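> My questions all concern the structure below.
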Amino acid sequence: MSPGADHVVMGSEPVQEVSIFVKGLQGKVRAAAEATAREAKAARTLQELDASLRGPAASRLAVEALAAGGDVSIYVRPGPSRGNLVVHINGQGPEEGRTAAFGKAGLNDDLQEVVGVTVDHAAKGANRAPPTRLGVTGAADLSKELVEARFSLTPPAERSWQPQAQVGISAANILEAGGPLQRSMFMVLSAGSLSGRHLLQLMGSDRQTIPSTFTSQEIVGLGLQSYKTSLAYKYEDDNRALLDFCPTQNSATLKAARFEVSGFTDVTAFRAELLGSYAQRLPGNGRLDVTARVGSVMPFLGQTTLPLQDRFFFAGPLGVGMPGFLRQGLGPSAPRQGMSNGASSKEPEKETAYKFDKEWQTEQTEQEKKVAAPIPDGGAVDRLGGQALMSATATFQFPLSHGFQAFASVAGGSLTKSPIPSLEETATCFRAGAIGGIAYPLGSTGATLGFGYSHALVSRPSDAKSRWQFWLHLAS
């Protein structure tokens, strides 16, 4: 800092106001920066300000920035009048030639919770320009049995926007428990604000549904291959990590929205999703999270059906489904071909069999033809998804020893065929469940993975239920 003659500040001289500007930081790194900023704003002398910018909060900020594959710089300059100071906390990309690997949990392009690992390399920039980042990311979405790999190219930021290009492949319904296997190849061109709150995306994808012997005719009727191009806007403001960095912070929020218009190919539709979450610190280091989600997808220009990949499924705010029910065990469904949970009224088919008699002569007999056994607990259906989703969840977490946590969660919601359902359809499709168990944080990703006993509170006979379930929660 190099103040002018009118701005000389001694270590013990009072500081009247500290202005903080945070730029180029996202997610947990931004939350750590905001925690550092709060400590700095409380300083009343230059000495206190210096101590706050070198204290535990600032150290945690540096650690989080390095864990995310970047760096951060802090500098102070005089304000417009004596006693006023301005602090800039700026994010910086990795140093040229540096390779970093880090885990991360967060919302993907569809506002679904995913956990992934990224390897990021800073390549040499041309003409002394900042490095261009090359990245490889592997991610998993437990709610869809989905895994994907993305390759990204991130050039230096232009003014206040960060461009990026991505190509990737993915596979969903890997176990084929709730429907046939799905594969996709995609390309994404995006421009995001340096704060991480705003993101514009131009996307193109080639999606395939791989039917099995038992795949229902309704799934086939939705189309086994589709091409999609779309333009989307995503907004995300998540400061829940402040509860981890600020002991005096008692509440935090997540606000997210996504709007997408697709056309010119096999899909012509408008999709909108809203997601909100409120986190409250409880006595004894406990925590309460209340989350609500609503979404709808509406085809237009004469399109009457939507491919399987564009429909909503009941993952809910929890990452692995509605508690008390099998993954994708709710919503509109169709029976799989040749599979039934009930008794058949048809005569059993006969087939010819050959065996040896006592004198080792070939003997020809007729016997009942063996058929595939039905899948119990509602598994003999394909889930078709819905065009509208509404859900809400309340989750309690309390710390135990050695990093483990006890959790309890109650969730409810509706998945409907209509994009704008009536009250009657919403009530008919409403389901609710609860789960409780033990969880453990997944490193510094901000996610918690648990296992517990669940129970369906509101259900129908056709629902596929489950007692013991995995549980994934994104706290920040």
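> So what is log10(I(q)/I(0)) for the range 269-313 at q = 0.14, 0.23 1/Å, when the Debye sum runs over its Cα atoms only?
Cα-only, vacuum Debye calculation for the range 269-313: -0.52, -0.83.
> Please compare each pair in K28/K144; K228/K417; K144/K234; K104/K417 to a cut-off of 31 Å on the Cα-Cα distance and tell me which ones are over it. Could you put the intermediate results ahead of the total?
On the way: K28/K144 25 Å; K228/K417 21 Å; K144/K234 21 Å; K104/K417 34 Å.
K104/K417, as the Cα separations exceed 31 Å there.
> Please calculate how many Å² of accessible area the range 37-113 carries per residue, with a 1.4 Å probe and no DNA, RNA or ligand atoms counted. Spell out each step's value before the answer.
Working: 3770 Å² over 77 residues.
Accessible area per residue: 49 Å².
> Using 0.36 nm per residue, how much length does the chain from E95 to T248 gain when fully extended, once their Cα-Cα distance is taken away? Walk me through the intermediate numbers first.
Numbers: separation 153, 0.36 × 153 = 55.08 nm, distance 3.43 nm.
Taking 0.36 nm per residue and subtracting the Cα distance, the gain is 51.7 nm.
> Tell me, what is the FRET efficiency for E13 and A62 to the nearest 0.05, using R0 = 35 angstrom and their Cβ-Cβ distance as r? Before the final figure, lay out the partial values.
Details: r = 28 Å, r/R0 = 0.80.
For R0 = 35 Å, the calculated efficiency reads 0.80.
> Given the Cα-Cα distance of F264 and N127 and 0.36 nm per residue of separation, how much length would full extension add, in nm? Don't skip to the end; give the middle numbers.
Working: separation 137, 0.36 × 137 = 49.32 nm, distance 3.98 nm.
Length gained between F264 and N127: 45.3 nm.
> A further question follows. So what are the three principal axis dimensions of the range 101-256 from its Cα atoms, in whole Å, longest to shortest?
In descending order, the Cα extents are 55, 47, 28 Å.
> Hey, got the dipole for the range 142-237? About the Cα centre, +1 on K and R Cβ, -1 on D and E Cβ, debye to the nearest 20? Present the calculation step by step, with values, prior to reporting the outcome.
Values: 8 positive and 8 negative charges, 44 e Å.
Using only the charged Cβ atoms, the result is roughly 220 debye.
> Computing the accessible area with a 1.4 Å probe over protein heavy atoms, can you report the carbon and sulfur percentage for the range 150-212?
Details: 2090 of 3160 Å².
Whole-percent figure for carbon plus sulfur exposure: 66.
> By how many nm would the segment from F214 to F404 grow when fully extended, if each residue of separation counts as 0.36 nm and the alpha-carbon distance is taken off?
64.2 nm
> How high is the FRET efficiency from K23 to A292, r the C-beta distance, R0 30 Å, rounded to 0.05?
On the way: r = 31 Å, r/R0 = 1.03.
Rounded to the nearest 0.05, the efficiency is 0.45.
> On to the next question. Taking the Cα centre of the range 381-476 as the origin and placing charges on Cβ (Lys, Arg +1; Asp, Glu -1), which of Q469, F407, G386 is farthest toward the positive end of the dipole?
Sorting the options by dipole projection puts first Q469.
The values are calculated or read from the model by the stated rules, or taken from the named source; none is laboratory data. Predicted model only: the values in this text are computed from it and were never measured. For neighbour counting, all protein chains shown are included, and Cβ atoms are generated from backbone atoms with ideal geometry for every residue, glycine included. Areas reflect the complete protein model, heavy atoms only, side chains present, ligands, DNA and RNA absent. Shrake-Rupley method; radii C 1.70, N 1.55, O 1.52, S 1.80 Å.
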